[in-house]
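Below you'll find the structure, written out as C-alpha cells, and then a few comments.
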Amino acid sequence: MKRKIGEEVSDCLLCMLCNEGCPTGVDLRRIVPLSRYVYEPRGSHGSMFLTLLSFSPLLSWKYSGVRTDESSEIAFFPGCGPVFDTAFKIVETEPYGNYSAMGRDRKYSNMGYAALKVLNHLGITPRLITACCGHDLYYSGMLDEFEKLKEALKELFSGVKLVISNCAECVHSLRDLHGIPAVHISQFIAENLERIHAERLPFRFIYHDSCRLGRYSGIYEEPRKIIEAFGELVEFRENRENSRCCGVSSWMNCNSVAKREREKKIEEFENSDADFLVVSCPKCAIHLDCVYYEEGGRRRRDRPNIIDISELTAMAMGLYSLEEIPEKKFEKGERSHHFFIPPPGEKNPVKYVDEELRNSLFSCTTCYYCTSVCQMGHRTPELIERFRRFFVSQNLNPERHRAIYRNTLETGNPYGEREEIFEEREDAEMIYFPGCTTKFRMKGIYESTKKILEALGVSYSVPKDLVCCGSPLLRSGYEIEEIRRKNLEILRKPVITSCAGCHATFQSDYGIDAVHIVEVLSQRVDDLPLKNLEMRVIYHDPCHLGREFGIYEEPRRIIEAIPGVQLVEFEENRENSRCCGGGGGLRAWNPSKSQELARKRVEEAERKEVDAIVSSCPFCKLNLQSVTDTEVLDITELLARALKQNFS
C-alpha cells in the first residue's frame, strides 16, 4: 500500500497555520470543538488537566508583593498559572502515572506576578480577576461546561472596561468567545515603552510566536519591540505568521509527534546562541519546558531558559530576577463566589449548529492542503468527513448530497445514469476501473485509456457489475459498506484506474493497492510509438493524487516524453498546488464556489498562453473546463493524441 500523507496519531492543534492557504477558508475554530463535543472530549495525561479545569473556578488566589484594587475599571486576568503550578506540585509527589515531565521547579504563575509588577510600576492598580477563561474547555469540546462558565463569568467582569492578561489564550478567549474587551500585556507594555526606564540586558532573546497571539490576533510586532528595547532579538527560521506551534493545545495532543516538534523547537533555540527563549503564553512555556523535565530526556539546563515577555520586562526594570522564577508568589484567596462546573446532562449538539458552521463544514474540498503544511501531519479531511457523517445522521447535510446518495443506490453512480458501460474479458490480467465521471461525463478519457492500454498490450477487463467506488459519498459524509462489499466481490485482480478520487478511495477505504494510470504509463511511455506534438501545456496536480499520495513526477515524466510538447508549471505546483474546487462534494453543493476556485486556477494558465491544461483526474478536467476556453485534457487524452496511427 502507498504511504498516505499525514500522521495517524496526531490531533488538530487549531494553530491555524493552514488557514491562510485553505481554498475555501474552512473555520476549524468552530468545527473542531463541536466535532470533539459530538465524539467525546478527550485530553492527554489521562484528561487530568481537562478534569482539573472543571474544578478550577472554585479556586481563588492572590499575589503577594503587588497592589490590586477591587473597584478598578481595569482588570488583570492572570489565567490558570497557579492551577497548573499546584497540579505540577501534586503530581510530583503522588503516584498519578507516568507523568515524568510534570514535577517542575519553575512557577508559571510568576508570569502573572511579573506582569502585575510592571503594571503597578506604570501606575496601574488593577482589579485582580482569578478564574478560568474556559479556553481549554471550549477547544477540547466541553461546550456545555464552557457555556456554564461563560454565564458565571459575566458577574466577575461587571464594571470592567478593559482586561489585561499575560496569557495569549486568555486574551483570545475573553475577547472572541466571551465578548469582553481584552488586550495582551505585550500590547500595553509596547504602548508605554517611553514611560519605562530600564537598563538593556546583556542577553540575546529568541521569540516564539504564540498561535493565539499571532495568527489568531495578529500581534507580532509588539513583543519584538519590547525585546529590542531591552536586549538583542534573535528570530526562529519560521516566525510571525509562519511560526510553528509549540506542539500541544488544550492538553489534547501530547504524544510522540508533539514531543518531536517540541524537540525541534528547542534544538533550534539552543543552536541559535540565544540565552533565553521568550514566550507570550504560559502554556507555550509549559509545553516547551517539557523537553527539560521528561524522564530519560537528553536535555538539561543549569537555570530556567524559557521566560515570559512580562518576566523579561520586569527583569529589565529591576522589578524581578531569575532567582525568583522558582519562588511561589501566590496564595489562596478569600473569595468564594466561584463555582464547580457540574457534569453536563444529555448532549444536544444541534443547538450549536447554525448555517454559518454548516456552510463552512461542507465547503471543505478535502484537498489535504492543511495536512501538507501541518507540522503534526493531522489529516483534517478525515475529521471533516467523520463530522459530516454526524450531519448526515441528523439530516443536516445539503439536499444535493442526498440526491447523489439516492442516485448511487438506485443506479450505481452519482449521476443517475442507467447506461451500462463495460467490456468484460474473463482472461484479463487486470481490471480497469474508469470511475463514474470518466464513464458518464468524460468518455474521451475512457476511450483514450483503453487505446493506450491496448497499445501497450495490457490485458484488461471492465466488469459489468462494478458500481461507483463510493468516493463522492464518503467525502460528503455517507457510509459505503454495502457498495464496498459489492465491488470487492468483483475486484479480485490488480486494479488500475484513471480517476484520482477512485485511486484514493481504493487505497484508503478498500485496502486495495490500486494503481493510477500515470504510474503505469510513467514506466512504459517509452514503449509507445509517439509522434511529434507541437504543444505548450501546463500540468495541474490533482489533490487526491498529488498531496494525498505524493504522485508528482510520474505525470511530468509522461508529458516530457512526448516529442514536441513543452511542459510549463503553475507557480504553485506539486505539494503547493491549488485545488481546482471540484472535490469534497463542493461542486455538487455549491457549484458557484467550486467554479470560483477553478477560475483562479485557470487564470494563470491563460496568462501563460498555453495550448492546453493537463491533469490526471476526470473531475479536475470537468471543473476546470467549465470556466475556460483553453483546452483541458486528461493526460491519457494528450498521450493518445500523440500515438502514431499505425501503432499496432
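The values are calculated or read from the model by the stated rules, or taken from the named source; none is laboratory data. Everything quoted here is computed from the prediction, not taken from an experiment. When we count neighbours, we look across all protein chains shown, and the Cβ atoms used for this are built from the backbone with ideal geometry, even at glycine. Side chains included, ligands, DNA and RNA excluded: accessible areas come from the protein's heavy atoms. Shrake-Rupley method; radii C 1.70, N 1.55, O 1.52, S 1.80 Å.
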### Message
Going residue by residue through region 393-409, is there one that turns out to be assigned to a helix (DSSP H, G or I), more than 15 Å from residue 585 (Cβ to Cβ) and either of a type outside the set (Gly, Ala, Ser) or open to solvent by 10 Å² or more (accessible area, probe 1.4 Å) (or both)?
### Response
yes
### Task
Restricting attention to region 254-273, report how many residues are over 22 Å from the mean Cα position of the chain (by Cα) and farther than 17 Å from residue 210 by Cβ.
5
### Query
Is one or more of the residues making up region 287-298 of a type in the set (Asp, Glu), surrounded by fewer than 16 Cβ atoms within 10 Å (Cβ to Cβ) and touching a strand residue (DSSP E or B) at 6+ places or on another chain (Cβ under 8 Å)?
no
### Task
Select from region 106-147 the residues that are within 13 Å of residue 185 (Cβ to Cβ), charged (D, E, K, R) and either open to solvent by less than 10 Å² (accessible area, probe 1.4 Å) or within 33 Å of the chain's Cα centre (by Cα) (or both) and list them in ascending order.
none
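Looking at the structure I just gave you, is residue 260 modelled with pLDDT under 95 and open to solvent by 10 Å² or more (accessible area, probe 1.4 Å)? If you could, list the steps in order and put the result at the bottom.
Details: modelled with pLDDT under 95: yes; open to solvent by 10 Å² or more (accessible area, probe 1.4 Å): yes.
So residue 260 fits the description; yes.
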#### Entry: Lone unmet requirement of (1) open to solvent by 10 Å² or more (accessible area, probe 1.4 Å); (2) at pLDDT 95 or above for residue 70
(2)
### Task
Give the number of residues within region 523-541 that are open to solvent by 10 Å² or more (accessible area, probe 1.4 Å) and part of a helix (DSSP H, G or I).
4
### Query
Between residues in region 22-46 that are open to solvent by 40 Å² or more (accessible area, probe 1.4 Å) and residues that are among the polar types (S, T, N, Q) and modelled with pLDDT of 95 or more, which pairs lie under 6 Å by C-beta distance while being six or more apart or on different chains?
27/360
### Query
Is it the case that some residue within region 487-495 is of a type in the set (Val, Ile, Thr), surrounded by fewer than 23 Cβ atoms within 10 Å (Cβ to Cβ) and part of a helix (DSSP H, G or I)?
no
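Which members of region 224-268 meet the condition of being polar (S, T, N, Q) and outside any helix (DSSP H, G or I)? Talk me through it step by step, then tell me what you get.
Keep residues of region 224-268 that are polar (S, T, N, Q), which gives 239, 242-243, 249-250, 253, 255-256.
Result: 239, 243, 249, 250, 253, 255.
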### Task
Could you run through region 111-147 and say how many residues are charged (D, E, K, R) and at pLDDT 95 or above?
2
## Note on the structure
Of the candidates 560, 548, the one satisfying the condition of being under 23 Å from residue 370 (Cα atoms) and not aliphatic (A, V, I, L, M) is 548
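Is one or more of the residues making up region 418-426 among the aliphatic types (A, V, I, L, M), open to solvent by 40 Å² or more (accessible area, probe 1.4 Å) and in a loop (DSSP other than H, G, I, E, B)? Give the steps one after another, and end with the answer.
Start the filter on region 418-426 by keeping residues that are among the aliphatic types (A, V, I, L, M), which leaves 421.
From what is left, the residues that are open to solvent by 40 Å² or more (accessible area, probe 1.4 Å) are none.
Looking through region 418-426, none of the residues is among the aliphatic types (A, V, I, L, M), open to solvent by 40 Å² or more (accessible area, probe 1.4 Å) and in a loop (DSSP other than H, G, I, E, B).
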#### Entry: Condition check for residue 366: of a type in the set (Val, Ile, Thr) and within 27 Å of residue 14 (Cα to Cα)
yes
### Task
Return yes or no: is residue 514 more than 20 Å from residue 447 (Cβ to Cβ) and either open to solvent by less than 10 Å² (accessible area, probe 1.4 Å) or of a type in the set (Val, Ile, Thr) (or both)?
yes
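I'd like the full set of residues that are aliphatic (A, V, I, L, M) and either under 21 Å from residue 470 (Cα atoms) or buried (at least 24 other Cβ atoms within 10 Å of the Cβ) (or both), limited to region 427-451. Steps first, please.
Here is the first cut: in region 427-451, the residues aliphatic (A, V, I, L, M) are 428, 430-431, 442, 445.
Residues satisfying the conditions are 430, 431, 442, 445.
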#### Entry: Criterion violated by residue 595 - all others in (1) touching a Gly at 6+ places or on another chain (Cβ under 8 Å); (2) crowded, with 21+ Cβ neighbours inside 10 Å satisfied
(2)
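Could you list, in sequence order, all residues of region 148-202 that are in a strand (DSSP E or B) and open to solvent by less than 40 Å² (accessible area, probe 1.4 Å)? Working first, answer last.
From region 148-202, those in a strand (DSSP E or B) are 162-165, 182-184; that's our starting set.
Residues satisfying the conditions are 163, 164, 165, 182, 183, 184.
Every residue, every condition in (1) among the β-branched types (Val, Ile, Thr); (2) under 31 Å from the mean Cα position of the chain (by Cα); (3) at pLDDT 95 or above, yes or no:
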site: 296; (1), (2), (3): no, yes, no
site: 305; (1), (2), (3): no, yes, no
site: 309; (1), (2), (3): yes, yes, yes
site: 343; (1), (2), (3): no, yes, no
site: 371; (1), (2), (3): yes, yes, yes
site: 405; (1), (2), (3): no, yes, yes
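Could you check, for region 206-218, whether at least one of its residues is acidic (Asp, Glu) and more than 30 Å from residue 36 (Cα to Cα)? Working first, answer last.
First pass over region 206-218, keeping only residues acidic (Asp, Glu): 209.
Still in the list and also more than 30 Å from residue 36 (Cα to Cα): none.
Checked region 206-218: no residue is acidic (Asp, Glu) and more than 30 Å from residue 36 (Cα to Cα).
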### Message
residue 223 - would you say it is touching a Gly at 6+ places or on another chain (Cβ under 6 Å) and not hydrophobic (A, V, I, L, M, F, W, C)?
### Response
no
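Provide a single number: the residues in region 203-240 that are open to solvent by less than 30 Å² (accessible area, probe 1.4 Å), more than 19 Å from residue 274 (Cα to Cα) and of a type in the set (Gly, Ala, Ser). Let's see the steps before the verdict.
Looking only at region 203-240, we keep the residues that are open to solvent by less than 30 Å² (accessible area, probe 1.4 Å), and these are 205-214, 216, 219, 223-224, 226-227, 230-231, 234, 236.
Cutting the leftovers down to more than 19 Å from residue 274 (Cα to Cα) gives us 211-214, 216, 219.
Now narrow it down to the ones that are of a type in the set (Gly, Ala, Ser): 214.
Here the count works out to 1.
Go over the candidates 575, 569 one by one and state the one that is free of Cβ contacts under 8 Å to residues at least 40 places away in the same chain and either open to solvent by less than 10 Å² (accessible area, probe 1.4 Å) or within 33 Å of the chain's Cα centre (by Cα) (or both).
Numbers: 575 fails: free of Cβ contacts under 8 Å to residues at least 40 places away in the same chain.
When all the criteria are applied, what remains is 569.
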